[in-house]
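This report refers to the structure that appears directly beneath it.
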Amino acid sequence: MKVEDGMTLEIYTTSVIPIGAMFAMTLWLGNTAYLYISVAFAQMLKAIMPVAVFILGVAAGLEKPKMDALETWHFPPLMLTLNCLCTFALNLSVFLVISHTSALTIRVAGVVKDWVVVLFSALLFADTKLTIINLFGYGIAIAGVAAYNNHKLKKEASRAISDDSQQTQLTATTTSSTSEI
């Protein structure tokens, strides 16, 4: 689509609004799914979808004739296969991390990943400018991650102390029981 003349009402009604509405519906339906299924199951479905789409070829079947008509498209099947496998591996790793930790841990890791992307972008690309509002927002996010890690460490420490005291009580009870016999 060419918009050299600026954004017209026709472009908004035929492109911007439908895409925005579909994106909003995707977010709404995707978030609604979490009310009815577990996060781990949702991640498993996300991990399976790239492979399922590749095997069924729905996207390729619908879009390939249009791309061939443009004659500017060249995407080797090997590249598509490798991309699908990488996506599958990524989603599978997210599923495994969630099953061993929690969904919150994945969210915190996502925030840290965003920091790294923004930091490297600001360092590598001259056109990336960080404003005071950006820095303030990332400062809040850093404080949130620090608070989360602090809370998690305290929780693990209290659990370890509780486990040690229970083990000590169990050992003392076992010792006194065997000495009475």
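The values are calculated or read from the model by the stated rules, or taken from the named source; none is laboratory data. Keep in mind it's a predicted model, so treat the numbers as computed, not measured. With ideal geometry, Cβ positions are generated from the backbone for all residues, glycine too; neighbour counts draw on all protein chains shown. Keep in mind that these areas ignore ligands, DNA and RNA; they rest on the heavy atoms of the full protein, side chains included. Shrake-Rupley method; radii C 1.70, N 1.55, O 1.52, S 1.80 Å.
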Can you tell me which residues in the range 72-85 are open to solvent by 60 Å² or more (accessible area, probe 1.4 Å) and modelled with pLDDT under 80?
-> 72, 73, 74, 75, 77, 79, 80, 83
Collect the residues in the range 120-133 that are more than 21 Å from the chain's Cα centre (by Cα) and in a helix (DSSP H, G or I), keeping them in residue-number order.
-> 122, 123, 124, 132, 133
Could you tell me which numbered condition residue 3 fails, if it satisfies all but one of (1) at pLDDT below 70; (2) open to solvent by 80 Å² or more (accessible area, probe 1.4 Å); (3) over 26 Å from the mean Cα position of the chain (by Cα)?
-> (2)
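Per-residue answers, yes or no, for (1) open to solvent by less than 70 Å² (accessible area, probe 1.4 Å); (2) on the phi < 0 side of the Ramachandran plot; (3) among the basic types (Lys, Arg):
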| position | (1), (2), (3) |
| --- | --- |
| 119 | no, yes, no |
| 127 | no, yes, no |
| 134 | yes, yes, no |
| 155 | no, yes, yes |
| 158 | yes, yes, no |
| 165 | yes, yes, no |
Does any residue in the range 140-153 that is surrounded by 12 or more Cβ atoms within 10 Å (Cβ to Cβ) come within less than 7 Å, Cβ to Cβ, of a residue that is modelled with pLDDT under 85 six or more places away or on a different chain, and which pairs are these?
-> 141/111; 145/108; 145/111; 145/112; 148/108
Restricting attention to the range 29-39, and to residues there that are under 30 Å from residue 12 (Cα atoms) and exposed (fewer than 10 other Cβ atoms within 10 Å of the Cβ), which single residue is modelled with the highest pLDDT?
-> 29
Do the conditions hold for residue 150, that is, is it in a helix (DSSP H, G or I) and modelled with pLDDT under 80?
-> no
